[in-house]
Structure formats: structure tokens, C-alpha cells
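Asker: Let me begin by handing over the structure; questions about it come next.
Derivation of every value follows stated rules applied to the coordinates shown; laboratory data play no part. Please read these numbers as outputs of a predicted model, since none were measured by experiment. Don't worry about glycine lacking a Cβ; one is built from the backbone with ideal geometry, like all the others, and counts go over all protein chains shown.
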Amino acid sequence: MPILDATRAVAALRGAFARDAGREELLRVAAEKIQAAGAPYTSVYLYMLHGDELVLEAYAGRETEHTRIPVGKGVCGTAVSTGQDQNVGDVGSIGNYIACNIWTRSELVVLIRRGAAILGQIDVDSDVPDPFTPEEEAEVRKVAEALAVLL
């Protein structure tokens, strides 16, 4: 059983959307619901693509000074430039890693896509090495898919 139950997060997103919540609230709800699953979900950042930059629009957990990330830089930028989700069990092994904080040991980045277009991403940081199983990744992807429809 995965730790994150995307069903609850998606239900909260749909409820917010039904109340005419705007983009900012939808992104914040997604971040908060994923982070609320608890360990290993230390911090959750929602970066949206603006031209050739990812811009932090919502988060839950620790603050980060990285509010803008160029496409191609770090794990987040690599996800966009390659068009592939990133599941990095040991961030210390990544040469171009951009640390949101010194405690992060692993990172999961799941793209928010509408068809072929990449809208942004859900970036999950963990203080635990290699915690994100394929099942956890699939749950985060369900939240990303809901956002792609609702944004």
C-alpha cells in the first residue's frame, strides 16, 4: 500500500474547483494534501512552466529560495527538458542538483501534462534516501493528472 492516497487529494481538488477556486488555491491544495501524507513526503513544491523557466507557485513544507528554475537545470529542469518524470533516490549522485534545503536526500518530480504540453510539475523532496516506489510515483501522478484537467 502506498503512503499517499491520491483519491483524497483529487477529491479535495475537485471540491475546490467546484467552489470556483483559482489556480493559486488549486496548486496550494495539491501541495498540502500530498505533504499531509507524512513521511517520506517532507516538502512539496508546485512549479509551473513560464516560457523557459519553472516558477514556484505553491508549496507545503519547508520554504525554498529556489523560486525560479531554468529548464534543463537540476532535477526539476531536467524533467521538463527530457519530458520525463524523475525519481532520484540519492540527490547527492546528481551533478547538477539544486538543493532546496540541506536535509533533502531524495526527490520525485512528476510532470503536469495536458496532452503533449507540459504545464508544470509536482516536486516532492524527502529527507529519506530512495523512498519513492513505483506505487508512490503513481499516486503523485494521479494528482498531477487531476491538476492538468482542473487548471
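Asker: Set the Förster distance to 25 Å, then compute FRET efficiency between D127 and A21 from the Cβ-Cβ distance, nearest 0.05.
Answerer: Working: r = 30 Å, r/R0 = 1.21.
Efficiency computed from Cβ-Cβ geometry: 0.25.
Asker: According to the Cα gyration tensor, what semi-axes, each the square root of 5 times an eigenvalue, does the equivalent ellipsoid of the stretch 1-89 have, listed from largest to smallest in whole Å? All intermediate terms of the calculation are to be shown ahead of the outcome.
Answerer: Values: eigenvalues 103, 58, 30 Å².
One finds semi-axes of 23, 17, 12 Å for the stretch 1-89.
Asker: In addition: Tell me, what is the percent relative contact order of the chain, built from C-alpha pairs under 8 Å that lie six or more residues apart?
Answerer: Working: 302 pairs, mean separation 37.6, N = 151.
RCO, the chain: 25 percent.
Asker: Below 8 Å, C-alpha to C-alpha, sequence gap of six or more: please give me the relative contact order for the stretch 60-133 in percent. The partial results should precede the final answer.
Answerer: Numbers: 125 pairs, mean separation 20.7, N = 74.
Normalised by residue count, the contact order of the stretch 60-133 is 28 percent.
Asker: Within the set of other residues whose C-beta is less than 11 Å from the C-beta of D123, count the net charge using Lys and Arg as +1 and Asp and Glu as -1.
Answerer: Values: positive: none; negative: D85, E107, D125.
Summing Lys and Arg as +1 and Asp and Glu as -1 gives -3.
Asker: Let me ask another. Which FRET efficiency, nearest 0.05, do R14 and V71 yield, Cβ-Cβ r, R0 25 Å?
Answerer: 0.25
Asker: Calculate for the chain the 222 nm mean residue ellipticity that helices alone would give, adding -39,500 (n - 2.57) per DSSP H run of length 4 or more and normalising by residue count, nearest 500 deg cm²/dmol. Walk me through the numbers on the way to the answer.
Answerer: Working: 4 runs with 52 residues, N = 151.
Counting only the DSSP helices, I get -11000 deg cm²/dmol.
Asker: Moving on. Quick one: the Cα spread of the chain along its three principal axes, in angstroms, biggest first?
Answerer: 43, 36, 27
Asker: So what's the net charge close to G74: Lys and Arg +1, Asp and Glu -1, counting the other residues with Cβ under 11 Å from its Cβ? Working shown, then result.
Answerer: Details: positive: K73; negative: E107, D123.
The answer is -1.
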